[in-house]
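To start, the structure under review is shown below, and the notes come after it.
The values are calculated or read from the model by the stated rules, or taken from the named source; none is laboratory data. Quick caveat, the model's predicted, so the values are computed rather than measured. Cβ placement follows ideal geometry from the backbone for every residue including glycine, while neighbour counts extend to all protein chains displayed.
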Amino acid sequence: MLLSDAKVLLIEDHPEALALLTELLEGYFREICPVSSAEEGLDIYRESAPDLLISDISLPGLDGVGLAERIRAEDEKIPIFWLSAHNDTRLHHEAARLKIDGVFAKPLIDLVGFLGSLEHAAKGLPVPGIEE
């Protein structure tokens, strides 16, 4: 599948960051579903079956790890990408444990690399730089 055919669920709790990411990604996907909480994202995921999920890791209430755990319990194949302002060892251990397809630093500086990783995942290919 090409990105232009994909529906993406985008979860970010900061309204300005959500609006900016949505605007930045518009035109690359068939549809973007921007939401501001993991709980809302989980509902949208279950209702509309997106092709890709992009989530901030630090969310109030249910965080990105908890969201990924719940989604992985239902679907091991949906590509999940995390955005994080933090780069710590625990985050990378959790990403490996949950088979997260990519972890990207916020602010998102390398849009080309980010989109390339999303494209690989949408096509069912291994994401470059992710250990199998």
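Please go through segment 103-132 and give me each residue that is surrounded by 14 or more Cβ atoms within 10 Å (Cβ to Cβ) and either of a type in the set (Phe, Trp, Tyr) or on the phi > 0 side of the Ramachandran plot (or both), ordered by number.
Phe104, Phe114
Which residues, counting only those in segment 69-93, are over 22 Å from Arg46 (Cβ atoms) and more than 12 Å from the chain's Cα centre (by Cα)?
Residues satisfying the conditions are Ala85, His86, Asn87, Asp88, Thr89, Arg90, Leu91, His92, His93.
Tell me the residue from Leu9, Leu91, Leu20 that is buried (at least 19 other Cβ atoms within 10 Å of the Cβ) and either outside any loop (DSSP other than H, G, I, E, B) or among the β-branched types (Val, Ile, Thr) (or both), please.
Every option except Leu9 fails the conditions.
Surrounded by 22 or more Cβ atoms within 10 Å (Cβ to Cβ) and out of contact with any Phe, Trp or Tyr (no Cβ under 8 Å at 6 or more places or on another chain): which single residue out of Ile54, Ile32, Ile80 fits that description?
Answer to the selection: Ile80.
Which members of segment 25-68 meet the condition of being in contact (Cβ under 8 Å) with a residue 40 or more places away in the chain, in a helix (DSSP H, G or I) and over 13 Å from the mean Cα position of the chain (by Cα)?
Selection gives Ser48 alone.
Please go through (1) at pLDDT below 95; (2) surrounded by fewer than 16 Cβ atoms within 10 Å (Cβ to Cβ) for Asp43 and return the number of the only condition it doesn't satisfy.
Of everything listed in (1) at pLDDT below 95; (2) surrounded by fewer than 16 Cβ atoms within 10 Å (Cβ to Cβ), Asp43 misses just condition (1).
For Val112, which of the numbered conditions (1) of a type in the set (Val, Ile, Thr); (2) within 18 Å of Pro128 (Cα to Cα); (3) assigned to a helix (DSSP H, G or I); (4) touching a helix residue (DSSP H, G or I) at 6+ places or on another chain (Cβ under 9 Å) fails to hold?
(4)
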